Amino acid sequence: MNDHNKPTGPKGPMAGTMQGATAQKRKSLNRETQIKIGSQLQMTYNEVVNQGVPDRFVQLIRRLETEAVEDAASGVHAEGFEGVKDTPSDKGS
Amino acid sequence: MSPNPNPSVSDAMLRAVPSLRAFAISLCGNVDRADDLVQETLLRAWANLSSFEPGTNMSAWLFTILRNLFRSEYRKRRREVADGDGSYADTLKTQPEQASRVEFEEFRAALAKLPQDQREALVLVGASGFSYEEAAGICGCAVGTIKSRVNRARTRLAELMSIESIDDFGPDRELKAVLSGGGGGK
């Protein structure tokens, strides 16, 4: 038994033919690329997130709030909002 | 159910805006269109507040609405290809450092090449911080589907980026041989 030479046995037909060094290189290249992908993805995303809330959206929400208060004051109920009828729960595709 | 606006609801909506924009930009690749998509999402959400279950994740709910809006819009104007041109980077207030600028552009280009299903799954899980379960809820598919989409996205990106940045790793005959199409093995 020379099992102690190989902590893990051959994993498949490729294991015997693949050069250890090549496999190692490919693996580390892969890991390096994966780390890069993860950080690039977050960087791309956070570039936008870090811009905060553009003013147009603050204005929009304030306007909606004001309209709701006015509608409430004038006796219009929540149904007054039903300008948009589509429900958001339309799970397309 | 009074129409009285609940401040915590509007605050939660506003808090979700930065990540909604980031998600929207990753979907359509254009800042102006993304912002319109976010605006429409907020209007749609506001009009349908009664269908939001209090206590559940407001952010996930808004992402679901945004994704559905994008999907239906996308179906309408399919001929229009998402523009991956400068409009995105140009709008960014803080540019990445020059050194990483090229990499940044390369990454965006690679990301834009992914199929839409894979890109959204990767962004939801890898950047928006949603769990696989939440991402599955947002995309209306099984958790296993999200997992395999994320894996395929990562593999594909790794392929695209390995090829594009091959020189970063210096001369490497074995890899070059593989890339140039000569069967590297044996």
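Here are the numbers:
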quantity: Averaged over A:49-57, number of beta-carbon atoms from partner chains that fall within 10 Å; calculated: 6
quantity: Test item: B:13-23 mean partner chain Cβ contacts at 10 Å; calculated: 6
quantity: Accessible area in square angstrom per residue, the range A:29-74, 1.4 angstrom probe; calculated: 54 Å²
quantity: Surface share of carbon and sulfur [accessible, 1.4 angstrom probe, percent] for the range A:29-74; calculated: 52 percent
quantity: Protein heavy-atom accessible area occluded, A/B pair - total, 1.4 Å probe, Å²; calculated: 4900 Å²
quantity: Residues of the range B:54-78 with amide N under 20 Å of the 7 Å Cα→Cβ point at B:A12; calculated: B:54-69
quantity: Exposure ranking of A:R62, B:R71 by accessible area [1.4 Å probe, largest first]; calculated: A:R62, B:R71
quantity: Two-site FRET efficiency, A:V53 against A:A21, from Cβ-Cβ distance with R₀ of 45 Å, rounded to 0.05; calculated: 0.30
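The values are calculated or read from the model by the stated rules, or taken from the named source; none is laboratory data. Owing to the predicted nature of the structure, the values given are computational and were not obtained by experimental measurement. As a convention, Cβ positions derive from the backbone with ideal geometry for all residues, glycine included, and neighbour counts pool all protein chains shown. Remember, those area values only see protein heavy atoms, side chains included, never the ligands or the DNA or RNA. Shrake-Rupley method; radii C 1.70, N 1.55, O 1.52, S 1.80 Å.
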